[in-house]
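*Asks:* Have a look at this one.
The values are calculated or read from the model by the stated rules, or taken from the named source; none is laboratory data. These figures come from a predicted structure and were not determined experimentally. All Cβ positions, even for glycine, are placed from backbone atoms using ideal geometry, and neighbour counts span all protein chains on display.
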């Protein structure tokens, strides 16, 4: 062995020798081929099942989401709180109004002036909207309705005496009823 | 696409052409016939599954070799075969040292040094064997190896360098005794 052996060349030769000297495979070439084909067809079958299962799962997810959405919608409707004020004392009324405020999500206004003989009978609140119903004492007939909505359009309805158009702080106020127009204006002006 | 994935005859052709190569490559890495057989099967499944990702027929051999080496390394990792191999090598090396005197007297021929290299090749890390196979069996350039094994060129160069250094270091003692030198 002389100086300056070409290690690169020797490594290459040794590697090729080592590579080629692998003992003969003990397995049958055809058996391995059959195994491969079986495994592949099984995997393809599994893949198909997987697709089927994912499709079913996706459909189920869509279905349950829809149900959830519908339920949420229903739940939203259930958030409408109706307080009959004649059945409520003043302290409790204040509390109920505060609760209503939580539901509607904005600070609604209450008129300081209300015509004599007219009383608050019902508070109906839902997310983004509150309606105060007033009626004549000892009568069931609603004579005044104060609607307050957040960022919504106001509908003008014929045959109903309407006084409204107060847009402050992104709250639409609609006053309607059968009481005198001047009274309605007074009410509107005292809403705080 | 030069062949259709669903074409059974092209699969068979590839299997006929490469099954020996795949087996030898796997055996080179794992040194276990049974495991090499399993790797051969697994490798061909990967090949057939991913055939449509290969766009250049010229790269088929190196592509198949890379899948084989990668699968072999995965098998070794899973079965922790590497540690066992390492233990065997230590024993082998001990035996070699014990017989050194006799061997030095007789190992004057390059063929015998080549045998020594072959012994040392077994003790290389699987990742180092992988780059050596791609370099010397597949005849790929370092850049091409980096591309097929998805590693940086620096990593490939470093692995080749370390593998050679390991072989060189183990041989140097023997060669020193014989008064030679390695380049």
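*Asks:* Kindly provide the set of residues from the range B:40-59 that are closer than 23 Å to residue A:43 by Cβ and more than 7 Å from chain A (Cβ to nearest Cβ), ordered by number. Break it down stepwise before answering.
*Replies:* First, pick out the residues of the range B:40-59 that are closer than 23 Å to residue A:43 by Cβ: B:40-54.
Listed by number, the residues that qualify are B:42, B:43, B:46, B:47, B:49, B:50, B:51, B:52, B:53, B:54.
*Asks:* Additional query: Would you confirm, using the coordinates I've provided, whether residue B:137 is in contact (Cβ under 8 Å) with a residue 60 or more places away in the chain, within 23 Å of residue B:27 (Cα to Cα), out of contact with any strand residue (DSSP E or B) (no Cβ under 7 Å at 6 or more places or on another chain) and away from chain A (no Cβ under 14 Å)?
*Replies:* Numbers: in contact (Cβ under 8 Å) with a residue 60 or more places away in the chain: yes; within 23 Å of residue B:27 (Cα to Cα): yes; out of contact with any strand residue (DSSP E or B) (no Cβ under 7 Å at 6 or more places or on another chain): yes; away from chain A (no Cβ under 14 Å): no.
Here the answer is no, as residue B:137 does not meet what is asked.
*Asks:* Could I ask something else about it? Would you confirm, using the coordinates I've provided, whether residue B:174 is more than 9 Å from every other protein chain (Cβ to nearest Cβ), modelled with pLDDT of 85 or more and either touching a strand residue (DSSP E or B) at 6+ places or on another chain (Cβ under 9 Å) or more than 16 Å from residue A:8 (Cβ to Cβ) (or both)? Lay out the reasoning, then the answer.
*Replies:* Working: more than 9 Å from every other protein chain (Cβ to nearest Cβ): yes; modelled with pLDDT of 85 or more: no; either touching a strand residue (DSSP E or B) at 6+ places or on another chain (Cβ under 9 Å) or more than 16 Å from residue A:8 (Cβ to Cβ) (or both): yes.
The answer is no for residue B:174.
*Asks:* Can you pull out the helices (runs of 4 or more DSSP H) entirely within the range A:1-110 that have at least 3 residues that are within 60 Å of the chain's Cα centre (by Cα), at pLDDT 70 or above and closer than 30 Å to residue A:138 by Cα? Lay out the reasoning, then the answer.
*Replies:* Working: elements: A:7-20, A:29-78, A:90-104.
The helices (runs of 4 or more DSSP H) meeting that bar are A:90-104.
*Asks:* Continuing with this model, one more query. Of the residues that make up the range B:60-82, is at least one within 14 Å of chain A (Cβ to nearest Cβ), at pLDDT 90 or above and surrounded by fewer than 18 Cβ atoms within 10 Å (Cβ to Cβ)?
*Replies:* Scanning the range B:60-82 turns up at least one residue that is within 14 Å of chain A (Cβ to nearest Cβ), at pLDDT 90 or above and surrounded by fewer than 18 Cβ atoms within 10 Å (Cβ to Cβ).
*Asks:* Shifting gears a bit: Working only within the range B:151-171, note down all residues that are surrounded by fewer than 21 Cβ atoms within 10 Å (Cβ to Cβ) and modelled with pLDDT of 90 or more.
*Replies:* Within the range B:151-171, B:151, B:152, B:153, B:154, B:155, B:157, B:158, B:160, B:161, B:162 qualify.
*Asks:* Sort through B:33, B:37, B:20, B:13 and tell me the only one that's more than 11 Å from chain A (Cβ to nearest Cβ) and either surrounded by fewer than 21 Cβ atoms within 10 Å (Cβ to Cβ) or under 18 Å from residue B:147 (Cα atoms) (or both).
*Replies:* Numbers: B:33 fails: more than 11 Å from chain A (Cβ to nearest Cβ); B:37 fails: more than 11 Å from chain A (Cβ to nearest Cβ); B:20 fails: more than 11 Å from chain A (Cβ to nearest Cβ).
Answer to the check: B:13.
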